[in-house]
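Notes follow once the structure below has been shown.
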Amino acid sequence: MLIESLSSFLRSKQLPRVVFLFGEEDFLIEEAVASIIERMKSEGTDLVDIEQLDGEELTLEQLVRRAEAFPMSSAQRLIIVHHFDRIPFGKKQGKEHALWLDYLKSPAPTTVLVLVATDGRVVSDELKGIAATLANPKQRSKAEAKLAKLRFPYNALLEHSGWTEVSRLPERRIPDWIIERFKQYGYDCTRDAAEFLVVQTGPSLRDLANEVAKSILYAGTQRRITRDHVLAVAGASREYNVFELQKAIGAKQRSRALAILHQMVRIERQDLLILTMLARYFLILFQLAELRSANVTPSDLGRMVGIPSFFVQEYVAALDHFSIADIERALDALHTADVQLKSTSLDTLTILEQALVTIVT
């Protein structure tokens with residue numbers, strides 16, 4: 001069964017027992033897998049019943065036996081096989097082939113089996129473009145010919161599983177993808193800002209998603225993302241920017257933090273941005289310090305403190321270096337620096353250096 005829309009598939013009432021995800025856009029496939037995991041967890045599947053395997057370390061028989069096993073403590077179990085295309089598929093018409101076909105025709109009712117293939121050779125040689133060809137009535141004969149040429153196990157998977165191809169997004173459609181991604185987080189992004197982000201960052205969706213998340217952190221409660229927001233984030237150096245500064249401070253890497261600070265102040269003159277973002281950073285750490293003992297997912301934690309979920313781990317890791325007292329001292333140091341910048345003639349870099357040393361010491 002062809003899955004025509006990943007978003008609709010992820011919202012469907014029941015997931016297929018076998019799901020095959022393949023294509024060139026591995027970032028979107030990884031996000032789909034993460035969404036499946038979150039959904040299964042929300043439906044009561046315990047972590048002990050979620051298994052992630054590598055196809056390079058499996059045979060088909062081992063995979064089938066794993067899939068046939070009952071859950072340990074949940075009603076359902078989830079098995080994700082990365083690099084499914086690297087499993088040795090054995091001889092044609094062999095015992096493993098028959099075992100695999102039997103499983104696909106009658107999969108275990110308590111297992112959701114997710115198979116992932118992103119190998120460029122397999123995608124290009126056998127599967128690339130097959131979803132688009134099938135969806136086009138004018139190319140029906142071409143699609144049938146392509147299906148007839150598929151080798152095992154892909155021919156069986158396309159017949160007996162829920163499957164979709166995640167193709168690389170054409171560059172002309174990337175600004176729309178950026179606008180939609182901001183919308184998912186409750187932000188309205190202008191077309192100009194989206195196009196500028198592509199120019200500055202390039203066409204990699206993984207890199208763009210990271211820049212979108214940074215722009216959201218920078219915008220805070222401002223719900224409209226403009227070119228100015230993007231310029232403040234994506235226009236900065238990849239190595240010397242406020243997010244790398246936060247990361248260095250969070251790990252208490254004093255020398256690196258000072259090096260980034262010097263670059264940002266002396267070359268890019270971003271003293272106000274530094275104070276604003278660091279104050280917000282430590283306020284979020286303060287909230288997380290009180291919440292992290294609660295049994296909530298990273299997605300829920302992110303929503304509760306107002307940051308994208310994939311930044312949560314980085315923030316939580318910083319709490320290993322900062323106690324509540326440390327965070328309060330950091331906020332006090334930043335407030336002192338703000339007052340000094342507005343009311344004294346002291347050198348900007350000196351003021352910020354003093355604040356940073358107080359924070360990381």
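The values are calculated or read from the model by the stated rules, or taken from the named source; none is laboratory data. What you are looking at is a predicted structure, and each value in this text was computed from that prediction instead of being measured. As a convention, Cβ positions derive from the backbone with ideal geometry for all residues, glycine included, and neighbour counts pool all protein chains shown.
For the reader, a short list of remarks on this structure follows.
- Residue match in the range 285-297 (condition: farther than 22 Å from residue 252 by Cα, surrounded by 18 or more Cβ atoms within 10 Å (Cβ to Cβ) and of a type outside the set (A, V, I, L, M, F, W, C)): no
- Options 253, 246, 270, 340: the member that is modelled with pLDDT under 85, outside the structural domain of residue 211 (by TED's automatic domain parsing) and under 19 Å from residue 355 (Cβ atoms): 270
- Enumeration of residues in the range 34-63 that are closer than 22 Å to residue 298 by Cα, buried (at least 17 other Cβ atoms within 10 Å of the Cβ) and in contact (Cβ under 8 Å) with a residue 60 or more places away in the chain: 36, 40, 41
- Which numbered condition residue 188 fails, given (1) touching a strand residue (DSSP E or B) at 6+ places or on another chain (Cβ under 6 Å); (2) surrounded by 15 or more Cβ atoms within 10 Å (Cβ to Cβ): (2)
Yes/no matrix, rows are residues, columns are (1) touching a helix residue (DSSP H, G or I) at 6+ places or on another chain (Cβ under 8 Å); (2) buried (at least 20 other Cβ atoms within 10 Å of the Cβ); (3) of a type in the set (Ser, Thr, Tyr):
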site: 162; (1), (2), (3): yes, no, no
site: 172; (1), (2), (3): no, no, no
site: 197; (1), (2), (3): yes, yes, no
site: 212; (1), (2), (3): yes, yes, no
site: 219; (1), (2), (3): yes, yes, no
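- Pair list, Cβ < 8 Å and 6+ apart or interchain, from the range 143-164 residues that are under 12 Å from residue 100 (Cβ atoms) to residues that are at pLDDT below 80 and part of a loop (DSSP other than H, G, I, E, B): 152/89; 152/92; 153/89; 161/1
- Put simply, of 332, 338 the only residue that is farther than 30 Å from residue 35 by Cα, crowded, with 17+ Cβ neighbours inside 10 Å and more than 29 Å from the chain's Cα centre (by Cα) is 338.
- Elements of the type helices (runs of 4 or more DSSP H) sitting completely within the range 128-213 and holding at least 1 residues that are within 30 Å of residue 89 (Cβ to Cβ): these cover 130-135, 140-149, 154-160.
- Helices (runs of 4 or more DSSP H) wholly inside the range 244-361 containing at least 3 residues that are more than 20 Å from residue 218 (Cα to Cα) and of a type in the set (Lys, Arg): 254-266
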